[in-house]
Amino acid sequence: MAAVFRGSQAWITGGGSGLGRAMALELAKRGANVAVSGRREDRLQEVVAEVEELGRTAVAVPCDCTDEAQVAQAVQTVVDRLGGLDVAIANAGFSVSGPVERLTADDWRRQLDVNVVGAAITARHAIPHLRATRGRLALVGSVAALVYMPRMAAYQASKAAVLALGRTLAMELAPDGVSCTVLQPGFVESELAQVDNQGRFDPERPDRRPSALMWRAEPAARKMIDAVARRRVEYSFTGHGRLGAFLGRHVPWLMQLAGNRMARR
Ligand SMILES: NC(=O)c1ccc[n+]([C@@H]2O[C@H](COP(=O)([O-])OP(=O)(O)OC[C@H]3O[C@@H](n4cnc5c(N)ncnc54)[C@H](OP(=O)(O)O)[C@@H]3O)[C@@H](O)[C@H]2O)c1
């Protein structure tokens with residue numbers, strides 16, 4: 001598995017921070033050249049410098065994943081600069097939180113636009129190039145697709161949609177030798193909790209996720225890239241995340257009771 005990515009060309013959206021940055025570095029360590037996309041170019045350039053220190057080629061390709069023209073242009077730039085595309089990871093995402101009663105139509109649209117439509121059009125424009133290399137597509141979902149908590153309906157619905165999107169893509173692409181892996185992390189250190197419902201990063205925002213259950217981004221990225229290398233269709237991790245996903249799928253009534261208790265607090 002270690003040699004799978006040697007000399008390959010990879011593109012990661014949301015590559016300027018958190019899991020995207022960690023996956024970019026992990027792919028570079030395994031011998032891939034890497035392009036990273038996101039809206040904040042300064043963050044992309046920092047990752048480019050880190051990848052270059054590892055001796056690989058890196059390119060910053062700024063793009064908003066909700067804008068299809070920008071995504072199409074970004075893919076073309078990646079292919080032109082790197083010379084092809086073997087791996088595309090639709091990782092860009094954020095989390096809208098709050099009880100359903102308080103979420104507006106704009107909140108819902110913003111959430112689904114980035115996490116679902118963004119992933120779908122990233123896949124759409126990467127697919128022709130991945131077909132040419134019999135490459136690997138991955139979508140970053142979440143165990144939140146299967147484990148439901150109060151006040152997280154918009155995020156959970158978006159990640160359930162990512163799971164449906166990825167499982168369908170895996171079927172559609174299989175005849176051409178292209179794999180699609182839905183990566184479903186549990187809690188991992190990143191900037192996710194510091195982004196507000198408008199999608200704005202605020203370093204002062206506290207991260208209220210349970211730190212005892214949280215993985216660091218580097219080991220998470222190793223697991224994610226292993227799953228992409230193996231062409232897994234679906235991969236859930238951390239230990240707690242995997243347990244939650246299992247219970248959510250097979251013992252949903254238990255998770256419902258736990259959620260009811262949380263909602264009363
Ligand atoms: N960390 C966790 O515990 C966890 C658990 C399950 C799933 N996930 C998923 O993992 C993925 C990565 O998140 P993370 O945890 O690493 O958080 P993060 O550090 O906040 O990274 C999210 C990235 O997405 C990019 N992004 C957001 N909106 C975008 C847009 N409209 N266009 C292009 N890029 C955009 C951001 O860059 P810009 O702001 O510069 O655009 C940022 O680099 C997300 O899909 C998230 O839902 C994370």
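Residues in the range 234-265 that are under 17 Å from Gly186 (Cα atoms) and of a type in the set (Val, Ile, Thr): Thr238 alone.
Scanning the range 190-226 for residues that are modelled with pLDDT of 95 or more, acidic (Asp, Glu) and open to solvent by 60 Å² or more (accessible area, probe 1.4 Å) gives a single hit, Glu218. Yes or no: the range 10-27 includes at least one residue that is within 21 Å of Ala126 (Cα to Cα) and away from the ligand (no atom under 14 Å from the Cβ). Within the range 10-27, one or more residues are within 21 Å of Ala126 (Cα to Cα) and away from the ligand (no atom under 14 Å from the Cβ). Candidates Ile127, Ile121, Ile89: the one that is aliphatic (A, V, I, L, M) and near the ligand (Cβ under 10 Å from one of its atoms) is Ile89.
I'd like to verify a number: residues in the range 189-215 that are part of a helix (DSSP H, G or I) and in contact (Cβ under 8 Å) with a residue 40 or more places away in the chain, how many? Break it down stepwise before answering.
Quick first cut of the range 189-215, residues part of a helix (DSSP H, G or I) only: 192-194, 211-213.
Among the residues that remain, those that are also in contact (Cβ under 8 Å) with a residue 40 or more places away in the chain are: 192-193.
Within the range 189-215, residues that are part of a helix (DSSP H, G or I) and in contact (Cβ under 8 Å) with a residue 40 or more places away in the chain number 2.
If you go through the range 57-86 and keep only what is over 20 Å from the mean Cα position of the chain (by Cα), part of a helix (DSSP H, G or I) and either aliphatic (A, V, I, L, M) or loosely packed, with under 14 Cβ neighbours inside 10 Å (or both), you end up with Ala69, Gln76, Val79, Asp80, Leu82.
None of Arg136, Arg81, Arg151 is within 23 Å of Cys180 (Cβ to Cβ) and either touching a His at 6+ places or on another chain (Cβ under 7 Å) or of a type outside the set (Val, Ile, Thr) (or both) except Arg136. Condition first: out of contact with any Ser or Thr (no Cβ under 9 Å at 6 or more places or on another chain) and open to solvent by less than 20 Å² (accessible area, probe 1.4 Å). Can you find one or more residues in the range 240-250 that meet it? There is at least one residue in the range 240-250 that is out of contact with any Ser or Thr (no Cβ under 9 Å at 6 or more places or on another chain) and open to solvent by less than 20 Å² (accessible area, probe 1.4 Å).
Hey, among Leu112, Leu169, Leu54, which residue is open to solvent by 40 Å² or more (accessible area, probe 1.4 Å), of a type outside the set (S, T, N, Q), free of Cβ contacts under 8 Å to residues at least 60 places away in the same chain and closer than 23 Å to Val34 by Cβ?
Leu54
With respect to Val78, is the statement that it is closer than 17 Å to Gly20 by Cβ, touching a residue at least 60 places away in the same chain (Cβ under 8 Å) and touching a Leu at 6+ places or on another chain (Cβ under 8 Å) true? In short, yes.
Scan the range 132-145 and tell me whether some residue there is surrounded by 17 or more Cβ atoms within 10 Å (Cβ to Cβ), away from the ligand (no atom under 12 Å from the Cβ) and β-branched (Val, Ile, Thr).
Filtering the range 132-145 down to residues surrounded by 17 or more Cβ atoms within 10 Å (Cβ to Cβ) leaves 135-145.
Those left that are additionally away from the ligand (no atom under 12 Å from the Cβ): 135-137.
Filter once more, keeping what is β-branched (Val, Ile, Thr): none.
Scanning the range 132-145 turns up no residue that is surrounded by 17 or more Cβ atoms within 10 Å (Cβ to Cβ), away from the ligand (no atom under 12 Å from the Cβ) and β-branched (Val, Ile, Thr).
The values are calculated or read from the model by the stated rules, or taken from the named source; none is laboratory data. The structure displayed is predicted, hence computed values, not measured ones. Using ideal geometry, Cβ is built from the backbone for each residue, glycine included, and neighbour counts are taken over all protein chains shown. Areas reflect the complete protein model, heavy atoms only, side chains present, ligands, DNA and RNA absent. Shrake-Rupley method; radii C 1.70, N 1.55, O 1.52, S 1.80 Å.
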